[in-house]
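In what follows, a structure is listed as C-alpha cells, so that the remarks can point back to it.
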Amino acid sequence: CADSAMYLAKELGRNNYQFFTTELNVRAQHRYALEKNLRRALSEQEFLVYYQPKVCLQTSRIVGAEALIRWQMPDVGLIPPDEFIPISEEIGLILPIGRWVLEQSCRQVKIWRETLAPELVISVNISPKQFQDPSLLNIIQQVLHDTGLPGYALQLEITEGLLMGELELLLPIFNAIKKLGISISLDDFGTGFSSLSYLQRFPIDNLKIDRSFIRDIPEKQDSVVLTRAIIAMATALGLSVTAEGVEKSEQLQFLTESRCQEMQGFHFSKPLSATDFENLLTKYIV
Ligand code: C2E
Ligand code: MG
Ligand code: MG
Ligand code: MG
C-alpha cells in the first residue's frame, strides 16, 4: 500500500510527491504511536471483555455469551476491536491479547455457571495468527485447568480464512481441541471465499451466519433464500446454526420459522460489561 502510494505520488509530480511523503510520514507516526499505546495497554491492563448474550430461539433463554474485547484508553474512551485487532495481529501482540481474553472470559463464565447460569457457554474469537502459535493447545489446556471451566462450556469462533491455510497442519490441533470437549463455530459464515468441502473435513459444530445476510431480512429475497439454504445445509450436516446481527422482530420471526437454533444481536442485547451482563442474567433467570 505504501509502495503504491509512493508510485502514485511520483506519477503526480514533484509537489504532490512532497505532499504524499508528508502524508505517509503522518500515517507512520500515527501507527507507531498506536503500537506503543497497545503494548502499554497490555501491561497496564486497559483491556476489557464485553459479553453479548446468545439466545435459544426455542426457549428464549440465554444459552451463551460471546466474549468481545474492548480497549478502555485513558482520556479517549472505549475503542472497538476493529480499530486495534488487525494491528495487534500484524505486530504479534494478538498472542498475549488472545490469551488474556480466553483466560478472563473463562474465569468469569466459570463463576456465572456456579451462581446464575449453570449451562452458560462462552464463545471466544480466535485469530488465525493464534493457530500459527505452536503453543495454542497448551495455552487452552492451561486456561481450562487454571479456571476450572469444563471444556464443553467453551466454544471457539474461527473464520473461514483460517481454513484456507494448510489444512493438514490444522487438523491435528482441531482434533485435539475437540477431544477436550470444546466446540468449534465458523464465524461470519458466507463471507469467505473458501470451498465448502472443509465442512466435511473439519470437526465443526456450528455455523454462524454473517450479519450481512440477516441485515436485509425480510426485505431482500436473496438474503432470505440464502439464509434458508444455509440453515438447511447445516441441519443436513448435523451442525447447529447461530444468526448474528439480529436487530428486528421480523428477523427473529423468520429465523424461528426457519428453525435456526440460536440468535445474537441488538434486538435482544448489545454486548455488555461483565456487571451489566450479570444483571441481565439475574433478571432473566436462565
Ligand atoms: P464478530 O466475532 O463477528 O463479532 C460480532 C460483532 O457484531 C461484534 O462487534 C458485535 O458487537 C456486533 N454485533 C452483534 N450484534 C449486532 C447487531 O445486531 N447489529 C450490529 N450492527 N452489530 C452487531 P465488535 O464487538 O465490534 O467486534 C468486531 C470484531 O472484532 C468481531 O467480529 C471479531 O472479529 C473481532 N473481535 C472481537 N473481540 C475479539 C477477540 O477477543 N479476539 C479476536 N481475535 N477478535 C475479536
Ligand atoms: Mg465472533
Ligand atoms: Mg461474527
Ligand atoms: Mg460478522
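The values are calculated or read from the model by the stated rules, or taken from the named source; none is laboratory data. Not measured: the values here are computed from a predicted model. Note that we place each Cβ from the backbone using ideal geometry, even for glycine, and neighbour counts take in every protein chain shown. Calculation scope for accessible area: heavy atoms of the full protein, side chains included, ligands and nucleic acids excluded. Shrake-Rupley method; radii C 1.70, N 1.55, O 1.52, S 1.80 Å.
So the values come out like this:
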item	result
9 Å beta-carbon shell around Leu93, net charge (K/R +1, D/E -1)	-2
Within-11-Å neighbourhood charge of Asn206 [Cβ basis; K, R +1; D, E -1]	-2
Cα-based Rg of the chain normalised by 2.2 N^0.38 Å, two decimals	1.11
Surface per residue (accessible, 1.4 Å probe) for the chain, Å²	53 Å²
For the chain, calculated [θ]222 nm from helices alone, where every DSSP H run of n ≥ 4 adds -39500 (n - 2.57)	-15500 deg cm²/dmol
Portion, in percent, of the accessible area of the chain that falls on carbon or sulfur, probe 1.4 Å	53 percent
Global geometry of region 137-286, whether rounded, prolate or oblate, following the gyration tensor of its Cα atoms and the 1.5 cut on a/c	oblate
Region 33-107-region 188-247 distance, computed between alpha-carbon centres (Å)	25 Å
Whichever lysines have a C-alpha closer than 25 Å to that of Lys179, once near sequence neighbours (fewer than 8 apart) are set aside	Lys54, Lys110, Lys129, Lys208
